[in-house]
Structures are given as C-alpha cells and as structure tokens.
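Here is the structure we will look at, set down as structure tokens.
The values are calculated or read from the model by the stated rules, or taken from the named source; none is laboratory data. What you see is a predicted model, and the numbers here were worked out from it, not measured in a lab. All Cβ positions, glycine included, derive from the backbone under ideal geometry; neighbour counts span all protein chains shown.
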Amino acid sequence: MRAAALDTIAAIATAQDARASASCGFRAGVESLARALLGRLPAPRRATRATFLDADGAAIDDGIALYFPAPRSYTGEDVLELQGHGGPVVLRMLLARCLALGARIAEPGEFTRRAYLNDKLDLAQAEAVADLIESATAAAARCAMRSLRGEFSDAIDALAGQLVELRLLVEATLDFPEEEVDAPDHADARRRLDAVRAVLDRALERARQGSLLRAGIHVVLAGRPNVGKSSLLNRLAGEDLAIVTAIPGTTRDTVRQAIDVDGVPLNVVDTAGLREAKDEVERLGIARTWSEIERADLLLLVVDARDGVTSGDEAVVARLPARLKRVIVHNKIDLTADTPRVEERADDTHVYASARTGAGIDLLGCTLLARCGWSHDAEESVFMARDRHLVALRRAGERLAAAAGVFGQAELLAEELRLAHAELTAITGEFTPDDLLGEIFSRFCIGK
C-alpha cells in the first residue's frame, strides 16, 4: 500500500448551484464527526435519514447519511457522505460545521489521490475519473469509463509483463555469469522483442485515438473575406453563432464553438478574413487569425467554389506552418454546377460543399476527422489518454528501438529494456515521482 495521509478532510462533492442539483455530499474520515453532526454513527452502507446538527444542536438540514467503513470505500478509508437539499448557504453551513469538528478542506483531487495511495485505483484509473467528469461528448465519456474500469491499465500491465519476461531472459546471464545459466536463445529473444514492439505500437495508436476524444481537435476556419467562413461555422454548429452578411470583413474577432462530430469534440474557431487590413480593428483581427493558425491542429481553408483556389489563397497556404494539416473547403457549390465530393490533390484534401444548403457538410465532417487520424471503427477500442501517457509510450518505443540496435550487447540491451519498462510503469503509477502526482491531482476539482 502506498502511504496515504490520515487526517480528516471534507468538501462539497457536487456543484455549488441549487439549480444544478437537489443533493449535495461531504466526504470525510468520520466516527467522532458523525456522532457530533448526526448524533450517531450510521449503519455501514445503508442510506439513513438523519438531521444534520450545528454546535447548539439545531438542525442545519434534513437528509441522507451514508457511512462506508474502510477499506470498502472510494478512498479506502472511513467515508461519510451527507446528501441534503442543496443550496449554497446550506452547503457552506455543513462544511463549516465539519471544519469546526476538526476536518480540513480537501485539496483539489485529494479524495481520488487517497484512493490511488490506498491502492483502490492505479494512476491511469485515477486520471480517468477527471476525464469522465470533463467529457465533452458521449463517446469521450464511454472511453473514460473504460479506462476507469481498468482496460487501459490492463493493456499496459500486460505489455509490461511481456517486457519483464524478456528482461529475465537477458539479465539472467548478467546476474549469474559464473553459474550454470543458459545463455538466452537469441532467436527467441529477438522474436519476443519484436512482439513487444508491435504490441506497444498498437497501444500507442489506440492512445492517440483516445487523446482526440479527451482533448478535442483545435480547428481554425480561415480564408479570404466573404467566402462563407461564418456560414460554415453556423452550419457545423447547427445554430447561428456568427454574424453573416454580404459585407466583406464582417468578422473582426475570433468566434469559438465546441462541436460534436461523430462523438469527437471539435473546438472550432472562426477568424477574420485574410486580406490587407482596411483599418486598425481589422488589422488586430487578422493578427489574431494568424495566432490561432499557429496553435491549430487542423486548418479549414475556405474558398469560394466560383473562384477556386486563387493566388491570394496560395499566398495564405505558403505562410502556413509546415506541420499543420489542412483541408480546402470549396464553399458555395449551390451557386455552381459542382456536386458534393472529396478530392485528394498532392498534400491537400479538397471538399466541395455548401454552407447555405448543407450539401457536403457530412463529407466535410468525416474528412476533417480522418485528416486528424480518427478512425470511425476505433471508438470501442481506444484508450482515454493524456499527453503524459503518449509521451511515456513514445519513449518506451524509442527505448525498444534502441534495444533492437544493441541486441548483441547484453549489458546495453538490458539497460534499454529497463528504461522501457520504467516508462510503462510510470503510466499506471507504479513508480511515479511525488511532484508529478501533485501536478496531476491539482487539476482535479475539489470534492473529487
């Protein structure tokens, strides 16, 4: 068991908005607190109606008390949850009473951190708690739930287990050089190494897919004035978010909207039209456009289907960051003889669509997801991954590639395998520095 703190903590466990919830909850380490607050310790794991009392014995609220003795609780410690009628004043009164009885306010993510420290969850599962709460789409929520139930951790543990077996083969000859230990079968060891690398590559791809569900895709709409960028945003969002007029340069500032496309969250930004600025306000808007482009995962360059890609559009493309994926949207096909379609040309994908009629918008949605690496068949197998998971998997892959390069040198091979193993165990938290734990749990909300 990892060492967890023993002091009593308390926090409001639901949103502090009476309109959002009719119940609330406190979690704390409990026996003396329960007797003072409730007059008794409730029966374990049974919903008990109780009056919540202040220091003078007057009622603060009337609700439900739930007592979970250790170790069969969320944190692995004694936990008391109080469910009342909600409302910020009552919540604060209850919290103040808990603090007066010796508890302290929980730090962000402290309940989940204690669950991790008490071996109720591994680190990847603990992070999945926050991911589940913050899910922007139903697909993301399902993916986070699978990680919370341990699918990601199980895959990493299985991969680490394969690596341990390979390390045993290599290190046996190093640890006992003068004993009668057979040298590893080089062909078998090579097969094992290749197999581990293949499994890791698949895990990394599944994690990449999951990272799209978790963080979403930052999509920027750009192009010359009056080509229909704002109309396209409105069509993708299904509502009128941006002002649309026939006057060029209507959009002066960025307009942001979160959009769900086949379960993948898109953070779409409409920007000022790219041209020589007519005034200071438009100049600032265009500067913001280029700033957004620098941070984008994908650029939708919108052009007028009647004109095609002009020299002005080509000048925009020439200024784009080399790493930036892009899709050229030929808008306004309702004014031409074009039909909705997708064309692949050199490094760009061209989609013909109409923001006004909606023709080709489904094709556009599928295309931009594909350009970002999303597979429509992947949802049920992806892992809800964070940046640190992707970094650890990539580093483990690099270490295994290095191991393949020094396969004939047992000492170097053993060290590369050890480093790869360390990267994998960091994902589930088997070996994780305290400062990294602090960074991870500080991003949780209080009460979780």
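The single condition among (1) closer than 30 Å to A130 by Cα; (2) crowded, with 16+ Cβ neighbours inside 10 Å; (3) modelled with pLDDT of 80 or more that D154 does not meet is (2).
Within the range 355-407, the set of residues being more than 13 Å from E423 (Cβ to Cβ), without any contact (Cβ under 8 Å) to a residue 24 or more places away in the chain and either in a loop (DSSP other than H, G, I, E, B) or β-branched (V, I, T) (or both) comprises T357, D377, V406. Quick check on the range 79-100. Is at least one of its residues at pLDDT below 90 and within 21 Å of F152 (Cβ to Cβ)? No - not one qualifying residue is present in the range 79-100.
Applying the set (1) buried (at least 18 other Cβ atoms within 10 Å of the Cβ); (2) touching a residue at least 60 places away in the same chain (Cβ under 8 Å); (3) under 20 Å from S231 (Cβ atoms); (4) not assigned by TED's automatic domain parsing to the domain that holds V219 to L299 leaves exactly one unmet item: (4). Among the residues making up the range 96-119, those that are buried (at least 19 other Cβ atoms within 10 Å of the Cβ) and either under 26 Å from D54 (Cα atoms) or not hydrophobic (A, V, I, L, M, F, W, C) (or both) are R97, C98, A103, A106, G109, E110, F111, T112, R113, R114, Y116, N118. For the range 67-104, what are the residues that are part of a helix (DSSP H, G or I) and small (G, A, S)? Hits for the range 67-104 are A96, A100. Only a single criterion out of (1) more than 23 Å from L266 (Cβ to Cβ); (2) touching a helix residue (DSSP H, G or I) at 6+ places or on another chain (Cβ under 9 Å); (3) part of a helix (DSSP H, G or I) is not satisfied by R114, namely (2).
Of the residues making up the range 321-354, those that are exposed (fewer than 13 other Cβ atoms within 10 Å of the Cβ) and not in a loop (DSSP other than H, G, I, E, B) are L335, E343, E344, R345.
Screening the range 357-397 for residues that are acidic (D, E) and at pLDDT below 85 and picking the one that is nearest to the chain's Cα centre (by Cα) gives E379. Could you check the range 176-213 and list, in sequence order, the residues that are at pLDDT below 85, farther than 30 Å from D262 by Cβ and crowded, with 16+ Cβ neighbours inside 10 Å? Once the filter is applied, which keeps residues that are at pLDDT below 85, farther than 30 Å from D262 by Cβ and crowded, with 16+ Cβ neighbours inside 10 Å, the range 176-213 yields P184, A189. When D348, D334 are checked against the criterion of being of a type outside the set (S, T, N, Q) and in contact with a strand residue (DSSP E or B) (Cβ under 8 Å, 6 or more places away or on another chain), a single residue qualifies: D348.
Close Cβ contacts (under 7 Å, 6 or more residues apart or on different chains) running from residues in the range 74-87 that are closer than 16 Å to I12 by Cβ and in contact (Cβ under 8 Å) with a residue 60 or more places away in the chain to residues that are among the aromatic types (F, W, Y) and assigned to a strand (DSSP E or B) comprise E81/F26; G84/F52. For the range 310-358, a tally of residues being touching an Asp or Glu at 6+ places or on another chain (Cβ under 9 Å) and more than 27 Å from A237 (Cα to Cα) returns 1. Put simply, of G408, G429, G438, G447 the only residue that is modelled with pLDDT of 80 or more and of a type outside the set (S, T, N, Q) is G429.
For the structure I just gave you, tell me whether A353 is touching a strand residue (DSSP E or B) at 6+ places or on another chain (Cβ under 9 Å) and not polar (S, T, N, Q). Answer is yes for this residue.
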